[in-house]
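As structure tokens, the structure follows; a few thoughts come after it.
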Amino acid sequence: PQRKMTLSYDTQAGLLATTFKWKHSVVGDVFSSFSFWCFLAIHLAVFWVARWNREALQDYEDIFLMDWNGVKVVSGITTFIEVFYAQHAYQRYLHLYSLVRDIFLLIYEVSHYSRVYLGDIKRGHARAGLRFIIVSMALALQDLKDTGTEGQLLELGRQGLLREPELSTLLPLAPGNRPRVVLTWAAGTLRAGFEESNASRQAMQGVCDLVMRIQALQRAIINIVRLPVPFQYFHLLSAMIIMNLLLWAVKMGMLDCAFAPVIYTFSSFIFIAMMELSSQLADPFGTDEVDFPINKWMQHCVSATEFVLELQWPFGPSLESFVEQEVALKPATLRNFAWQKTIEEGEYGDSPGPSPRGPQRNSHHIHSLMHSPRLSKTQALEHQHLLAGGHP
């Protein structure tokens, strides 16, 4: 199923409306966490004993009494380490997003290169090359999640993305080598098409460079995902969060305040929710709410490349007659029409309706343009020159 990477939300909805919108948030993950309910149960037990059996605890008051200053030290250190981990996870998340989107942009560039230089005669080379690139992306993602099994490869064959000879070549290979091999096929196929179409060496080199950049980005993504935060740091952070929640559970439970359970519940919820969200951001290739919609992006990439490769030129087979008709047009016709239409519709002016005729119309709109935040003074003077009948 297709889904968006992040939920669209209104920043002007207000604090209450946003806070109580629990769907697509980490609330469900926290409430399904054993740690949250375990520490809440400890807090409620201490709160009940301290409130209803206070006389029995008077003999042990010196033993169980904790100073808030000591708790603050542990809370401060834990907060610092957790915020640092969350910041690192989000920066990693943004970096992975940029790398993945750059790969798709490079695939679009290859499709445009292939359509322009290979044309209709060598369209088969373009289709095969783009098919190999898309297959390499799918194989790289499988290798990323360690799901590059034989069954996954055969599934690509059932979908028509790989043929029998190609499957026979890829099956004996290690999952990590398959994306590179398929990208080599793509570069070789496109290179052969460029050579047979007598394209320039610069164009052929350009498309091969794009394919190599795709391979480099794939390896960069795999290397980043396989190098998470060291376990020692993650283990230390988890231990400090447990210690902090335990101290809160005992200290807040001994307070003579009816709202202590409410305060502890929200405090522990924030700590556990931050940890849960950071862990999801650290690995955005999965099924969490914040994970990348790879299936949607892949489908869009296939549709976009297919559209470009099957694109028909508006001038048909006769390009020379089309160019001759274009030369016959006045150079400033389209520009004058667009600017004139924009000004008359009041896009930049103060009045949305039509302007009066004659010099007053020109002076009115130029005055609006001169004071418009969208145009500089030089651009407004250019509009005045065009309205006067001049050429750019």
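The values are calculated or read from the model by the stated rules, or taken from the named source; none is laboratory data. Treat the numbers as computed from the prediction; the structure is a model and nothing was measured. Cβ: placed from backbone, ideal geometry, glycine included. Neighbour counts: every protein chain shown. For accessibility, only protein heavy atoms count, side chains too; no ligands or nucleic acids. Shrake-Rupley method; radii C 1.70, N 1.55, O 1.52, S 1.80 Å.
Miscellaneous remarks
- Residues of segment 161-181 that turn out to be under 11 Å from residue 128 (Cα atoms) and either open to solvent by less than 30 Å² (accessible area, probe 1.4 Å) or modelled with pLDDT of 90 or more (or both), as a count: 1
- Total residues in segment 3-24, condition under 26 Å from residue 295 (Cβ atoms), modelled with pLDDT of 75 or more and either open to solvent by less than 100 Å² (accessible area, probe 1.4 Å) or in contact with a Ser or Thr (Cβ under 6 Å, 6 or more places away or on another chain) (or both): 1
- Just one residue in the set 90, 97, 85 is among the hydroxyl-bearing types (Ser, Thr, Tyr), touching a Pro at 6+ places or on another chain (Cβ under 9 Å) and modelled with pLDDT of 90 or more; that residue is 97.
- Counted residues, segment 195-210 - those being not hydroxyl-bearing (Ser, Thr, Tyr) and not in a helix (DSSP H, G or I): 2
- Answer residue from segment 25-39, given it is within 14 Å of residue 288 (Cα to Cα) and assigned to a helix (DSSP H, G or I) and is modelled with the highest pLDDT among those: 30
- The residue pairs whose first member lies in segment 122-137 and is touching a residue at least 40 places away in the same chain (Cβ under 8 Å) and farther than 11 Å from residue 107 by Cβ, whose second member is among the basic types (Lys, Arg) and surrounded by fewer than 24 Cβ atoms within 10 Å (Cβ to Cβ), and whose beta carbons are closer than 8 Å, counting only pairs six or more residues apart or on different chains, are 126/115.
- Only one of the numbered conditions (1) touching a residue at least 40 places away in the same chain (Cβ under 8 Å); (2) part of a helix (DSSP H, G or I) is violated by residue 223, and that is (1).
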